[in-house]
Amino acid sequence: MKLSDEDLGMHCRITRRDVIRGIGVMSAGLALPGCLFGRDESAPEVDTDYPPALTGMRGNHDGSFDVAHALGRGGRTDWGPVQKLDESVYDLVVVGGGISGLSAAHFYRKGSPDARILIIENHDDFGGHAKRNEFQVGNRTLIGYGGSSFLQQPSGYSKIVSGLLHDLGVDPSRFETAFDQDFYKRHGLRSGLHFSKENWGVDRTVPFAGNFLGYLPWAQTSLTTKESVALMPISDAAKKEFLRLLTVEENHIPDTVGDTRRYLSSISYRDFLSKHLGITEPEVFAVLQDLAFDSGMGIETVDAYLALNYSGLPGWNAAGLPNDTEEYDPFIHHFPDGNASIARLLVRKLIPDVAPGTTMEDVVSDKFDYSKLDLDGSLARVRLNSTVTRVEHDGNLRTSERVRVSYVRRGQAYEVQARRCVLACDNAIIPYLCPDLPEPQKEALAHQVRQPILMTSVALRNWEAWKKMGIGGVLSPGSYHVGAQLDYPVSLGDYSCSGGPDEPVIVTLYRYPHSNNQGLTAKEQYRRARHELMSTSFETIERKVRAQLASMLGEGGFDPATDIMAITVNRWAHGYSYDSSSHALFDELYEDEKDERWPHLRARKPLGRIAIANADAAASAMFEAAVEQAHRAVSELPRS
């Protein structure tokens, strides 16, 4: 039976302030009578001027993109009378307050300790995709992430990235004890597949012995692979094919294809299944359709090698690929708020008055004073809610000693001047900011079509239903959010993760919108998905969240009307940077990473006193890429 809005708890006023300000703020005490617990008089008030604590629609929140859209889509150039708040000239202006922009300011400051630096950011918080989500449940503060999450493989970081972490006091080995690596096994939490009644005719969560979500140390199910497949709500013929796919050992790729990896990169995963493994049952394709999830594509669009090697989809042995003998760092290098703590460490390094601490532990719990970000007399300033509309040299490009940076803040146009400028914003907007760029460079910049992402953080009253069902994370074929999992068990400094199932916890749900089986390229899908993401209301997403968790956890006694305490939707219309090497079915690839035919190399060329940073400049969504490109951009700036 389909649950009504009342059953789902849509009437509970836990996130309704987004109607007033485009955002929401909650505590348990904001619930209406009959919803949740009623008012908890001991619960602290939520600071509505503290962005991490805002719920509702976050990420690319309302108001953060209006000016940029008017500039890029509407061609607007006149923003009214211009004011100059800053009479003196900055040594450096950075456009974009994400990891790359903050890193650029840090690297510049190392070479010029007395430099005056201004960082201009269009959102109401710094960090870019490194987004911190906070919730207040009773007297307990929950800290989660709404974007960039892990430091992946830090043992392999370059000297530049390792040096930045050292400057910030980040010791990756600290996570060996901060991340409770026995948590999932201790609580008997396994991974699995969830099938919803809406899509599969029955609500069923199936623990799996396979490699789904295999990057975490889950508890092992007592079920065999055959027993797990038998529980799937698909036909007997589909079960037979699925079991064969999961258990096949022999190589099905003929020797005539030559280089196996190159060949697998030339066909889709769906073609691999049908052509080489004889998969024909529609239900098998339907189960796997979206499970190459963070590629943002379905199995007919993602190449077979990427699906097998990166997404971990079944068929490795059938592809004739060798056993992976490379040693990897454990998947543990995660602050409670993800890489938002790196952003906070960078800001605190630049502006010490913003928070009192000095370590990687205390930055997790420190309450940042946002009123200190943009003060007169400060050597470094972060100016939020400000969208840059123009960056140009003051006079002749060859002889100019200054750059003029125009921006709009709350409807008012402003201008500042700087001796140098780093553009650490998305590549796609740069041609509109700098119309003097050469046309070939503008074309290269336009090659970046970022992948949209939706990451939804949900604060729960407890996780007893998860414990009862023995589930810690699932992938959900056909559902709105492709996956959901309990927050990572990380305790650092004064912050402790949820210790037992009777305690509050954050759950993360993720969606990578795309269009299946319509013959669209990756870029075409990303553009269409972006429109879908930006036109979907918070109310619609909230309803999807409640219904999906009810379907997934109902067997364990979960009640969305009483167990959900708050929802924060992190909407990233321009999410992961576009990496051509991950789109082998559509883009021409080159053997040499320094080949000038790569669009991102041509796109990041400096222009006089203007340099380009950001992850796009490396065609990579990784944290380390953003840092390395910041270092390169700063090194390209003129010193005189």
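The values are calculated or read from the model by the stated rules, or taken from the named source; none is laboratory data. Note that the structure is predicted; figures quoted are calculated from it, not measured. Positions of Cβ are generated from backbone atoms using ideal geometry, with glycine treated the same way; all protein chains shown enter the neighbour counts.
Results, tabulated for the structure shown:
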| read-out | value |
| --- | --- |
| Qualifying residue in the stretch 271-278 (condition: assigned to a loop (DSSP other than H, G, I, E, B), out of contact with any strand residue (DSSP E or B) (no Cβ under 7 Å at 6 or more places or on another chain) and under 17 Å from TYR526 (Cβ atoms)) | no |
| Flag if ALA573 is touching a residue at least 60 places away in the same chain (Cβ under 8 Å), among the small types (Gly, Ala, Ser) and closer than 27 Å to GLY138 by Cβ | no |
| Scan of the stretch 133-154 for residues that are more than 11 Å from the chain's Cα centre (by Cα) and either hydrophobic (A, V, I, L, M, F, W, C) or outside any loop (DSSP other than H, G, I, E, B) (or both), ordered by number | ASN133, GLU134, PHE135, GLN136, VAL137, ARG140, THR141, LEU142, ILE143, GLY144, LEU151, PRO154 |
| Number of positions in the stretch 246-260 that are part of a helix (DSSP H, G or I) and surrounded by fewer than 16 Cβ atoms within 10 Å (Cβ to Cβ) | 4 |
| Which listed residue, of LYS442, LYS468, is basic (Lys, Arg), in contact with a Gly (Cβ under 7 Å, 6 or more places away or on another chain) and assigned to a helix (DSSP H, G or I) | LYS468 |
| Breaking point among (1) in a helix (DSSP H, G or I); (2) among the hydroxyl-bearing types (Ser, Thr, Tyr); (3) within 30 Å of PHE242 (Cβ to Cβ), for THR177 | (3) |
| Leading residue by the ranking (farthest from ILE120 (Cα to Cα)) among those in the stretch 402-418 that are assigned to a loop (DSSP other than H, G, I, E, B) and either at pLDDT below 95 or within 33 Å of the chain's Cα centre (by Cα) (or both) | GLY411 |
| Options LEU165, LEU243, LEU213; residue that is surrounded by 14 or more Cβ atoms within 10 Å (Cβ to Cβ), of a type in the set (A, V, I, L, M) and not in a helix (DSSP H, G or I) | LEU213 |
| Single residue of TYR480, TYR488 found to be among the aromatic types (Phe, Trp, Tyr), in contact with a Phe, Trp or Tyr (Cβ under 8 Å, 6 or more places away or on another chain) and touching a residue at least 60 places away in the same chain (Cβ under 8 Å) | TYR488 |
| Helices (runs of 4 or more DSSP H) contained entirely in the stretch 513-617, each with at least 3 residues that are closer than 24 Å to ALA630 by Cα | 599-603 |
| Filter pass, THR301 being part of a loop (DSSP other than H, G, I, E, B), of a type in the set (Val, Ile, Thr) and surrounded by 24 or more Cβ atoms within 10 Å (Cβ to Cβ) | yes |
| Cross-chain or 6+ apart pairs with Cβ under 6 Å, the stretch 221-239 first and surrounded by 17 or more Cβ atoms within 10 Å (Cβ to Cβ), then part of a loop (DSSP other than H, G, I, E, B) and not small (Gly, Ala, Ser) | SER228/PHE208; PRO233/VAL202; ALA238/GLU281 |
| Among residues of the stretch 218-240, those that are in a loop (DSSP other than H, G, I, E, B) and out of contact with any Asp or Glu (no Cβ under 8 Å at 6 or more places or on another chain), counted | 10 |
| Residue in the stretch 84-104 that is more than 17 Å from ALA630 (Cα to Cα), of a type in the set (Gly, Ala, Ser) and out of contact with any Phe, Trp or Tyr (no Cβ under 8 Å at 6 or more places or on another chain) present | yes |
| Boolean, ILE506 is touching a Leu at 6+ places or on another chain (Cβ under 6 Å) and crowded, with 22+ Cβ neighbours inside 10 Å | yes |
| Qualifying residue in the stretch 191-199 (condition: part of a loop (DSSP other than H, G, I, E, B), closer than 30 Å to PRO336 by Cα and under 24 Å from the mean Cα position of the chain (by Cα)) | no |
| Residue in the stretch 326-336 that is out of contact with any Asp or Glu (no Cβ under 9 Å at 6 or more places or on another chain), among the aliphatic types (A, V, I, L, M) and surrounded by 15 or more Cβ atoms within 10 Å (Cβ to Cβ) present | no |
| Matching option when the condition is modelled with pLDDT of 80 or more, more than 24 Å from ARG543 (Cβ to Cβ) and outside any helix (DSSP H, G or I), among ARG58, ARG39, ARG76 | ARG76 |
| Residue, nearest to THR540 (Cα to Cα), within the stretch 445-465, restricted to residues that are touching an Asp or Glu at 6+ places or on another chain (Cβ under 6 Å) and part of a loop (DSSP other than H, G, I, E, B) | ARG461 |
| Selection status of TYR407, of a type in the set (Phe, Trp, Tyr), more than 29 Å from ARG109 (Cα to Cα), outside the structural domain of ALA292 (by TED's automatic domain parsing) and in contact (Cβ under 8 Å) with a residue 12 or more places away in the chain | no |
| Enumeration of residues in the stretch 454-475 that are crowded, with 24+ Cβ neighbours inside 10 Å and in contact with a Pro (Cβ under 6 Å, 6 or more places away or on another chain) | TRP463 |
